[in-house]
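Some notes on the structure that comes next.
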Amino acid sequence: MIADTETLVCEDIKRRQQLGLAKYRTSVARNPLELRQWLQHAYEEALDQAIYMQRAMQQMDATCTGAGGCLKCAHEKRRNETYAEPGTAGGWGAA
């Protein structure tokens, strides 16, 4: 049986909170960082996330045979339809 997604996320948050308290000896709520510093941390985390996603896509693409049955081929087909010229079938962001 698949676990409840929200429950898993809440458990992950609790684990992250415990790790943060052990590492920094303070909670996020009591951390004296300025807003700009918080935004810098979030920005760096977003960059890390982009790197992880790019790596995963590279791994998926490495297994592509070009026969059209993989996620890369499906993505390329969808991207070509989505970014067609405006006014044409499937033009710019059409669903």
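The values are calculated or read from the model by the stated rules, or taken from the named source; none is laboratory data. These figures come from a predicted structure and were not determined experimentally. Here Cβ is always computed from backbone atoms with ideal geometry, including for glycine, and neighbour counts include all displayed protein chains.
For residues in region 35-81 being over 27 Å from Gly20 (Cβ atoms) and small (Gly, Ala, Ser), which is modelled with the highest pLDDT?
Going through the qualifying residues, I end up with Ala62.
Sort out which residues of region 5-50 are surrounded by 10 or more Cβ atoms within 10 Å (Cβ to Cβ) and outside any helix (DSSP H, G or I), and write them in order of number.
Hits for region 5-50 are Thr26, Ser27, Val28, Asn31, Leu33.
Note down all Cβ pairs under 6 Å where the first residue falls in region 63-82 and is farther than 20 Å from Met53 by Cβ, the second is of a type in the set (A, V, I, L, M) and at pLDDT below 75, and they're at least six residues apart or on different chains.
none
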